[in-house]
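Reviewing the structure listed below.
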There are 4 protein chains.
Amino acid sequence: MSSRQWIYKTGGIPDEMFVRGQVPMTKAEIRTVTLSKARLLDSHVVWDIGAGTGSVSVEAALAASKGEIYAVEKDDEALELIKKNVELFGAANVRLCPGTAPEALAGLPAPDRVFIGGSGGQFKEILEYACAKLPRGGRVVINAVVLETLTAAVEMLRLFHFSDLDITQVSVTKAVDLGRMHMFRSHNPVYIISGEKQ
Amino acid sequence: MSSRQWIYKTGGIPDEMFVRGQVPMTKAEIRTVTLSKARLLDSHVVWDIGAGTGSVSVEAALAASKGEIYAVEKDDEALELIKKNVELFGAANVRLCPGTAPEALAGLPAPDRVFIGGSGGQFKEILEYACAKLPRGGRVVINAVVLETLTAAVEMLRLFHFSDLDITQVSVTKAVDLGRMHMFRSHNPVYIISGEKQ
Amino acid sequence: MSSRQWIYKTGGIPDEMFVRGQVPMTKAEIRTVTLSKARLLDSHVVWDIGAGTGSVSVEAALAASKGEIYAVEKDDEALELIKKNVELFGAANVRLCPGTAPEALAGLPAPDRVFIGGSGGQFKEILEYACAKLPRGGRVVINAVVLETLTAAVEMLRLFHFSDLDITQVSVTKAVDLGRMHMFRSHNPVYIISGEKQ
Amino acid sequence: MSSRQWIYKTGGIPDEMFVRGQVPMTKAEIRTVTLSKARLLDSHVVWDIGAGTGSVSVEAALAASKGEIYAVEKDDEALELIKKNVELFGAANVRLCPGTAPEALAGLPAPDRVFIGGSGGQFKEILEYACAKLPRGGRVVINAVVLETLTAAVEMLRLFHFSDLDITQVSVTKAVDLGRMHMFRSHNPVYIISGEKQ
């Protein structure tokens, strides 16, 4: 597969431009809202925990083009996909971090922004670790697809006195072209929880 | 009110940063998905038809920073808001175009991208005019909040043989902080219809 | 499979109590709202056009227990399922009508209520035929899962001067038990359009 | 206002048929799904805790026509509305229970079904009390409009080993007739949590 570039100033790269496997992928609309909640600067250091296919890492890398994106992922198939997608989009500032969070986070440069897209059941430990490493003014953005993550995220960000707490459920339905007609098809909803460290 | 800058590389400026009146506003999450569907380059000429509060124009101006954004709006209160928001965010490349589309579109430079956020009942005429002025590869993005606009948009983009037709309903629910608890509150859903001229 | 009874006065029989195949099924929550829009009396004659698995017919039969339900369906696999589900729930007042609507509707007793759940591309002809046969005060309820049916339903019910026109999109998301956690999973949304003949 | 009867075998009485004040009301579609999750028999004793306008009590009374519905409500304006709606629909088997739950529940006959629509911040105490009074096979149905109720409901029903646990978010959007066009307007989503006591 030849390399491709995303030349646009706006994000939301179409899903089908990424190499995908069986690994769950953050869909374009969710990804673009997720990135908007992060408020990225050019120079930001970003942790993308549970990076999956790497689609969030790639888009973060394009926005924070002088920064560094640490894509933390424990699954081997997913790591292969991240590698391919990073190459495909020339996102040279993405660093692959194989391993299980929070252990795999030790030794990484302190982040300006933290995404949590997957947690492998260690959500609280990961969020706690990440919050401890975030500087004041740093932001965390969590994509929750299970109720327990939603609940824990809201509780912990309140407990840690995060400000600007935002809890947004985004539900996307597509009217998919079937030739003669357009069928309504829902994606699963995602809760996007974000806040700023005080 | 002092000027403020949006320093981030990602969009989705929080709603409360804009000056707002009684004019309906494209909310941050819808705005950021809408802009992503437009795929803006630095240099793009953008028509923002039914610009409302100007929030889409402002964000388009930040992305297409060497381009020009034409904010077309017929309502006087809305025009005042656009002016204020453009000043507030220093979006010097937004041009105010008072008047009713499609008439008000005559004489504008040909667009690379066309947003239609409001149509005052002239939706078909506006879309037809805009499509005629778009070059091949140009993109149109429509925000439909009424059924008739959704229907007409899909019909016309098919009729005009637009490719990459995408019909996405985005429903946003916030869990709003009421002190002791977070109440689920829905925004009205928006259909975002986009396509590329062949 | 032994027969089972739904002994409750309220509807919304759980999906898993029906025999199901590859045939799309109206899910319990959509079914119960659909039936509520029909406003059934004991004695009603109901046409269920595009009856699918027969779940709507069965529930209509329980509500209109002294009436008659005509389950119109062209697909052989679906007809088998309807038959099984009718037996299973002892819905003796459901009559199977194999064939393609609107042709298959000829000769049926005039309806008090008409459901349209599927149309095989003949939606307008079916709705037109059904509307002609409905008495004043009769009600039609349409489940639209494609945009074109939604559009056509609204246009035609207005054209035929139906009163009490109601257009309701119902989106159902389940938090599904995965053992340690509950994952949010969306059903595709359904537009339920209903009205009363003047 | 003259009395009116709901003569139909199906529920989902239109909202506008009820007397309403400033008290939040369970909308027709949510109400009909809520009742379906309760699975009412003719003879059931039902507690409707936080009865609001009484719309759920009224519909429960029509379904459990030989049973008794206890409408528990602490707000005086709401109690007046319940009284009016009960009269309006001739729901003679609804008993008004002024007071704050769980205290106000003491002395009521043991329930077969418990609805919790509002809790005034005492949700856990109410649910605990209700669960203790429910017999095996009894069902509880909770309408959660805040995140904390959703979380607590799921946790407690698991803790109390309820079976058949169902967590359903229902989002209703209406296409409202504005004359020339139909505008999409969302109701706030409601989580309907239900289960059966083991």
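Counted by Cβ distance under 11 Å from A:ASN143, the other residues give a net charge of +2, where Lys and Arg count +1 and Asp and Glu count -1. For the options B:GLY117, B:GLY50, B:GLY179, a Gaussian network treatment of chain B with springs between C-alpha atoms closer than 10 Å singles out B:GLY179 as fluctuating the most.
The packing ranking of peptides A:85-91, C:89-95, B:27-33, highest mean first, is B:27-33, A:85-91, C:89-95, where packing means the average number of other beta carbon atoms within 10 angstrom of each residue.
The GNM of chain B, with springs linking C-alpha atoms under 10 angstrom apart, assigns the highest mean-square fluctuation among B:ALA153, B:ALA110, B:ALA175 to B:ALA175.
Legend: mean number of C-beta atoms from other chains within 10 angstrom of residue C-beta atoms, peptide C:173-183, equals 6. Note on C:LYS9: lysines with a C-alpha under 18 Å away, same-chain residues under 8 apart excluded, are C:LYS37, C:LYS66, D:LYS9, D:LYS37, D:LYS66.
Expressed as a fraction of 2.2 N^0.38 Å, the rule-of-thumb size for a compact globular protein of N residues, what is the C-alpha radius of gyration of the protein assembly as shown? Display every interim value, and only then the final one.
Values: Rg = 27.4 Å, N = 792, 2.2 N^0.38 = 27.8 Å.
My calculation over the Cα atoms of the protein assembly as shown gives 0.98.
Protein chains only, probe 1.4 Å: how do A:LYS66, C:LYS133, C:LYS174 rank by accessible area, largest first?
A:LYS66, C:LYS133, C:LYS174
Surface calculation, 1.4 Å probe, protein heavy atoms: C:LEU62 sits at approximately 70 Å² accessible.
What does the charge count near C:THR100 come to, summing +1 for each Lys or Arg and -1 for each Asp or Glu among other residues with Cβ under 13 Å from its Cβ? Provide the component values of the computation, followed by the final result.
On the way: positive: C:LYS74; negative: C:GLU73, C:ASP75, C:ASP76, C:GLU103, C:GLU125.
That sum, taken over residues with Cβ under 13 Å, equals -4.
Taking every protein chain into account, the 1.4 Å probe leaves C:HIS161 with about 130 Å² of accessible area, to the nearest ten. Note on chain C: GNM, Cα springs under 10 Å; of C:VAL23, C:VAL176, C:VAL72, the largest mean-square fluctuation is that of C:VAL176. Label-to-label distance for C:ASP42 and D:ARG180 is 5.0 nm, based on points extended 7 Å past Cα in the beta-carbon direction.
Keeping all protein chains in place, calculate the accessible area per residue for the protein assembly as shown (probe 1.4 angstrom), answer in Å².
On the way: 30780 Å² over 792 residues.
Each residue of the protein assembly as shown exposes 39 Å² on average to a 1.4 Å probe.
Evaluate 2.2 N^0.38 Å with N set to the residue count of segment A:18-104, then give the Cα radius of gyration divided by it. Don't skip to the answer; put the middle values down first.
Details: Rg = 11.7 Å, N = 87, 2.2 N^0.38 = 12.0 Å.
My calculation over the Cα atoms of segment A:18-104 gives 0.97.
Would you calculate a helix-derived [θ] at 222 nm for chain B, using -39,500 (n - 2.57) for each DSSP H run of n ≥ 4 and dividing by the full residue count, to the nearest 500?
Details: 5 runs with 57 residues, N = 198.
So the calculated ellipticity at 222 nm is -9000 deg cm²/dmol.
Find out how many positive minus negative residues lie around B:ALA60, taking Lys and Arg as positive, Asp and Glu as negative, among other residues whose Cβ is under 13 Å from that of B:ALA60. Don't skip to the answer; put the middle values down first.
Values: positive: A:LYS9, B:ARG31, B:LYS37, B:ARG39, B:LYS66, B:ARG95, B:ARG113, B:ARG139; negative: B:ASP42, B:ASP48, B:GLU59, B:GLU68, B:ASP112.
Cβ neighbours under 13 Å give a net charge of +3.
How would B:ASP76, D:ASP164 rank on accessible area, largest to smallest, probe 1.4 Å? Can you show the working numbers first?
Details: B:ASP76 115, D:ASP164 70 Å².
These residues rank, largest area first, as B:ASP76, D:ASP164.
Straight-line cross-link partners of C:LYS83 among the aspartates and glutamates, defined as a Cα under 19 Å from its Cα and at least 8 positions apart when in the same chain: C:ASP15, C:GLU16, C:ASP48, C:GLU59, C:GLU68, C:GLU73, C:ASP75. For the chain pair C and D, the buried solvent-accessible surface (1.4 Å probe, both sides summed) amounts to about 3100 Å². Compactness of chain D is given as radius of gyration and Dmax, 16.3, 55 Å, from Cα positions. Chain B residue nearest by beta-carbon to the axis mapping B to C, with distance in Å: B:THR151, 2. Per-residue shielding of A:148-155, expressed as the average number of other chain Cβ atoms within 10 Å of the residue Cβ, stands at 5. The distance between label points at C:LEU108 and D:GLU125 comes to 5.5 nm (points 7 Å beyond Cα on the Cα→Cβ vector).
The values are calculated or read from the model by the stated rules, or taken from the named source; none is laboratory data. Only a predicted model underlies this, so the values are computations on that prediction, with no experimental measurement involved. All Cβ positions, glycine included, derive from the backbone under ideal geometry; neighbour counts span all protein chains shown. Surface accessibility is based on the protein's heavy atoms, side chains included, excluding ligands, DNA and RNA. Shrake-Rupley method; radii C 1.70, N 1.55, O 1.52, S 1.80 Å.
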